[in-house]
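Pasting a structure below so you can have a look.
The values are calculated or read from the model by the stated rules, or taken from the named source; none is laboratory data. Just so it is clear, the structure is predicted and the values come from calculations on it, not from any experiment. Using ideal geometry, Cβ is built from the backbone for each residue, glycine included, and neighbour counts are taken over all protein chains shown. For accessibility, only protein heavy atoms count, side chains too; no ligands or nucleic acids. Shrake-Rupley method; radii C 1.70, N 1.55, O 1.52, S 1.80 Å.
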Amino acid sequence: MAISQDTLRQNAQASSTTVRRSFHGAVVAGTQTAFLCHSHYDRSLAIGFRNYAERLGWDVYIDWLDEDMPERPTVETATRIQEQIKTRSHFLYLATRNSSESKWCPWEIGYANGAKSRKNILIIPTTDSFQTHGNEYLGLYQRIEEVPGGGLGRFEPGTTKGFYLR
C-alpha cells in the first residue's frame, strides 16, 4: 500500500538515529545509497522518507541538504544532480502531486532511466487524504510501499509480489 503522507510527516519529526557518514564511507560499509527525487514543496515528506530509509540502513541523498549545491538553479545544479544520480546505487522517486507538476522531477527520472538499470529505479507512491500518487509511466518501475505489520517492501511493477526492503 502507498505510504501515507501523514506517516512521512511524522517520520520527519522524529530525529534520525543513524550516524551520518560520508558517501564514500557508506559505500565502503556496503550501505545502499540512493538519490531521492522529490518536489521541494514536499521537504517534510522527503525528510520523513529519508529518516525511515536510514533506519533500514540506507544512505539517502537530498539535493537541498548538499552544501556544495548552488543556491539558485544553474547548469552547475543540473550537472551536480546528474553526478549524484550516477554515483548512487539507487534512484528513488517520491511520487506526490507536487512531483508530478515539478519541472525537475520528470527530467531527473528521465536522466536516471538512461543512467541506471531499471531495477535500481524505485517509485515511492504516496497517498494523501484525496488520492494515491504515482501512476502512468511510473508504473514501469518497481515501487516501495508500506507492508502490513510495519516496514517497507519492494514490489515488482503491477504486482503484489515483493520483499522487505533492507
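Please give the number of the condition THR159 fails out of (1) open to solvent by 20 Å² or more (accessible area, probe 1.4 Å); (2) under 16 Å from the mean Cα position of the chain (by Cα).
Unmet condition: (2).
For the range 115-150, which residues satisfy the criterion of being more than 13 Å from the chain's Cα centre (by Cα), closer than 19 Å to ARG55 by Cβ and modelled with pLDDT of 85 or more?
The answer is GLU146, VAL147.
Please work out if ASN51 is closer than 19 Å to TYR164 by Cβ, outside any strand (DSSP E or B), modelled with pLDDT under 95 and touching a Ser or Thr at 6+ places or on another chain (Cβ under 7 Å). Before you say what the answer is, go through the steps one by one.
On the way: closer than 19 Å to TYR164 by Cβ: yes; outside any strand (DSSP E or B): yes; modelled with pLDDT under 95: yes; touching a Ser or Thr at 6+ places or on another chain (Cβ under 7 Å): yes.
So ASN51 fits the description; yes.
Within the range 88-105, how many residues turn out to be part of a helix (DSSP H, G or I) and out of contact with any helix residue (DSSP H, G or I) (no Cβ under 7 Å at 6 or more places or on another chain)?
Residues that pass the stated criteria total 4.
Oh, and also: Does the range 114-133 hold any residues that are of a type outside the set (D, E, K, R), over 23 Å from THR31 (Cβ atoms) and surrounded by fewer than 16 Cβ atoms within 10 Å (Cβ to Cβ), and which are they? Even if it seems obvious, please write down each step before you answer.
Narrowing the range 114-133 to residues of a type outside the set (D, E, K, R): 114-115, 117, 120-127, 129-133.
Applying the additional criterion that residues be over 23 Å from THR31 (Cβ atoms) yields 114, 125-127, 129-133.
GLY114, SER129, PHE130, GLN131, THR132, listed by residue number.
Quick one: in the range 47-85, which of the residues that are charged (D, E, K, R) and surrounded by 14 or more Cβ atoms within 10 Å (Cβ to Cβ) is farthest from the chain's Cα centre (by Cα)? Before you say what the answer is, go through the steps one by one.
The first filter runs over the range 47-85 and keeps only residues charged (D, E, K, R), leaving 50, 54-55, 59, 63, 66-68, 71-72, 76, 80, 83.
Next, only the ones that are surrounded by 14 or more Cβ atoms within 10 Å (Cβ to Cβ) stay: 50, 54-55, 59, 63, 80.
Values: ARG50: 8, GLU54: 11, ARG55: 14, ASP59: 11, ASP63: 11, ARG80: 17 Å.
If we take residues in the range 47-85 being charged (D, E, K, R) and surrounded by 14 or more Cβ atoms within 10 Å (Cβ to Cβ), then ARG80 is farthest from the chain's Cα centre (by Cα).
Now a separate question. Have a look at GLU76, GLU71, GLU108 and point out the one that is free of Cβ contacts under 8 Å to residues at least 24 places away in the same chain, in a helix (DSSP H, G or I), farther than 21 Å from ASN11 by Cα and among the acidic types (Asp, Glu).
Selected residue: GLU76, the only one of GLU76, GLU71, GLU108 that is free of Cβ contacts under 8 Å to residues at least 24 places away in the same chain, in a helix (DSSP H, G or I), farther than 21 Å from ASN11 by Cα and among the acidic types (Asp, Glu).
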